[in-house]
Amino acid sequence: MKLLVDSGSTKADWIAIDDEGKVLFTTQTLGLNPEVLDKEEIINRLEDKFDISHNKDKATHLFFYGAGCGTDRMKDFLTNVFQKYFAKAIVTVHEDTYAAVYATTPKGEQAIVCILGTGSNCSYFDGKVLHQKVQSLGYIAMDDCSGNRFGRHLLRGYYFNKMPADLAKEFEEEYNLDADYIKNNLYKEPNPNAYLATFAKFLIKHKDTPFCKNIIQAEMKDFAENYIMQFENCHDVLVHFVGSIAFYLKEELEAILETYDIKVGNVLRRPIDGLIQYHILNK
C-alpha cells in the first residue's frame, strides 16, 4: 500500500493506493508543516485519523509532499518522524512544490510552477529538476499573495480603522475579533499561519469591493515581481498555479499577470488527484 500525501499548513490530503493504482481509502488530517509543529503534535494528528493509525503497518511506501519541507533539516526531521510511525514503509519527503509540479506538468514540460494557498512558493521546472531562486523565510517575512498574508491585511485594516464601516460590520459578524482571542491564536496556538489564512475566505467573498480589490492586486503584483520574475524565462514558459487562493482568484490573477506579459497555464485547487496518475506511471 502506497500513501500519497499533499500537505499544506492548514490541511493534508491522504490517499492510499495499491500497486495497480486502485484507491483504498482517502482521508484528511490537519496540516503537517514541520516549520510550525513539533514531533508530538505531528503524531497526534496522525493518531487522530483511524484510517491512518489502523493501516500504518500496512504501508510499504509513503510519498509526502508538504509545506515547510524546503530545507534538508526539515525534510530529515519529518522523515525521521514518519519512519518511526510507519515502521515498514519507505519514506520520501518532498517540498509541496513537487506535488504541484507533477500535477500541472503531466508530460514533464518546462514551466514555472507556483503555490498560492495558506503560504506561497514559486519554482522553475526544467522537465527534470526543480529550480528555486528564492528560499522561503516563512510566513512572517515572506509568503506574498498567500492566505495568511491576506488575513494579516484584513486584521490590520480592521484594527487600524481603515476597513470601510459596512465591511467592518460584516467582518465582526463573521469572526471573533476580540484582541485577546486573536493574540492567543497568533502567539500561543499551533499553526498561526493557518489561522491567519482563515480570513482569506472573507477577502475572496468581497473581492469586488475597492478595499479588498486593492489588497488582492497589491499582493499579486508583489508575487509577480518578487517570485515569478526572478526567472528570466518567465515570459517564455507557462506559469502554472496550485492552491485555493489561485483557484478562487483565477480571473484576477490572469488580469494582473497579463500586465507583466506572463501567461497563466493550469490552475488547480489541489494537486492530489494528479499525484495518483503520476505515481501509477512512475512505479
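The values are calculated or read from the model by the stated rules, or taken from the named source; none is laboratory data. None of the values given here were measured: they were computed from a predicted structure. Glycine also receives a Cβ, built like all others from the backbone with ideal geometry; neighbour counts cover every protein chain displayed. Only protein heavy atoms, including side chains, enter the accessible area calculation; ligands, DNA and RNA are left aside. Shrake-Rupley method; radii C 1.70, N 1.55, O 1.52, S 1.80 Å.
Among bridges DSSP assigns within segment 1-159, what percent are antiparallel (round to 5)?
The answer is about 65 percent antiparallel.
Over all directions, the average projected area of the alpha-carbon convex hull for segment 85-125 comes to how many nm²?
Approximately 4.0 nm², given one-decimal rounding.
Can you work out ³J(HN,Hα) from phi for every residue in segment 118-127, in order, using Karplus 6.51 cos²θ - 1.76 cosθ + 1.60 and θ = phi - 60°, giving whole Hz and x for Gly and Pro?
Ordered by residue, 3J(HN,Hα) equals 4, x, 9, 7, 7, 9, 10, 10, 8, x Hz.
Over the chain, calculate the relative contact order: mean separation of alpha carbon pairs under 8 Å at least 6 apart, over the residue count, as a percent.
19 percent
Quick check: from the Cα gyration tensor, does segment 165-283 come out rounded (a/c under 1.5), prolate or oblate?
The shape class here is oblate.
What fraction, in whole percent, of alpha-carbon pairs in segment 49-93 exceed 11 Å separation?
64 percent
Let's test the formula: R0 of 22 Å, r as the Cβ-Cβ distance of residue 24 and residue 90. What FRET efficiency results, to the nearest 0.05?
After rounding to 0.05, the efficiency reads 0.80.
Please report the Cα spread of segment 216-283 along all three principal axes, rounded to whole Å, starting with the longest.
The principal-axis extents, from largest down, are 41, 26, 16 Å.
On the accessible surface of the chain, probed at 1.4 Å, how many percent belong to carbon and sulfur atoms?
Here carbon and sulfur together make up 49 percent of the probe-accessible area.
Quick one: dipole size for the chain, taken about the Cα centre, charges +1 on Lys/Arg Cβ and -1 on Asp/Glu Cβ, in debye to the nearest 20.
For this selection, approximately 420 debye.
Can you list the equivalent-ellipsoid semi-axes of the chain, largest first and in whole Å, using the square root of 5 times each Cα gyration tensor eigenvalue?
Semi-axis lengths for the chain are 31, 25, 15 Å.
Compare the Cα positions of 63, 230, 117 along the charge dipole of the chain (+1 at Cβ of Lys, Arg; -1 at Cβ of Asp, Glu; about the Cα centre) and return the one farthest towards the positive end.
The residue sitting farthest along the positive end of the dipole is 63.
Measure off 7 Å from each Cα along the Cα-to-Cβ vector at residue 58 and residue 269, then give the distance between these two points in nanometres to one decimal.
2.8 nm
Counting only residues 5 or more places away or on other chains, whose amide H sits under 5 Å from the amide H of residue 66 once H atoms are built in the peptide plane?
When sequence neighbours closer than 5 places are left aside, the close amide H contacts are 7, 94, 95, 96.
Taking the solvent-accessible surface of protein heavy atoms with a 1.4 Å probe, what is the per residue accessible area of segment 124-266 in Å²?
Here the per-residue accessible area is 54 Å².
Taking 41 Å as R0, compute the FRET efficiency from the Cβ-Cβ separation of residue 107 and residue 48 and round it to 0.05.
With a Förster radius of 41 Å, E is 0.60.
Rounded to the nearest Å, what's the spacing between the alpha carbon centres of segment 152-179 and segment 27-93? Just the number, please.
Using only Cα atoms, the two centres lie 36 Å from each other.
Peptides 266-276, 114-124: what's the order by average Cβ count within 10 Å, highest mean first?
114-124, 266-276
Using amide H atoms built in the peptide plane, which far-off residues or other-chain residues are under 5 Å from residue 111 H to H?
The answer is 125, 127.
Note down the Stokes-Einstein diffusion coefficient of segment 178-234 in µm²/s, whole number, using a Kirkwood radius over alpha carbon pairs, 20 °C, and 1.002 mPa s.
Answer, rounded: 158 µm²/s.
Quick check on the chain: of the DSSP beta bridges with both residues there, what percent are antiparallel, nearest 5%?
So the antiparallel bridges amount to about 50 percent of the total.
Between residue 119 and residues 5 or more places away or on another chain, which pairs have amide H atoms under 5 Å apart, with H built 1.01 Å from N, and which residues are they?
When sequence neighbours closer than 5 places are left aside, the close amide H contacts are 9, 147.
Could you work out the local net charge near residue 189, counting Lys and Arg as +1, Asp and Glu as -1, over the other residues with Cβ closer than 13 Å to its Cβ?
Combined, the nearby Lys, Arg, Asp and Glu give 0.
Run the quick spin-label model on residue 11 and residue 159: label points 7 Å from Cα toward the beta carbon, then report their separation in nm to one decimal.
Modelled inter-label distance: 2.8 nm.
Could you give the nm distance between label points at residue 225 and residue 238, where each point is 7 Å from its Cα heading toward the beta carbon?
2.9 nm
Given an 8 Å cut-off on Cα distances and at least 6 residues of separation, report the relative contact order of segment 3-146 as a percent.
The value is 19 percent.
Quick check: the distance between the Cα centres of segment 115-139 and segment 256-283, to the nearest angstrom?
The two parts, judged by their Cα centres, are 13 Å apart.
Need one number: the % of Cα-Cα pairs in segment 103-157 sitting beyond the 19 Å mark.
Summing the P(r) tail past 19 Å for segment 103-157 gives 39 percent.
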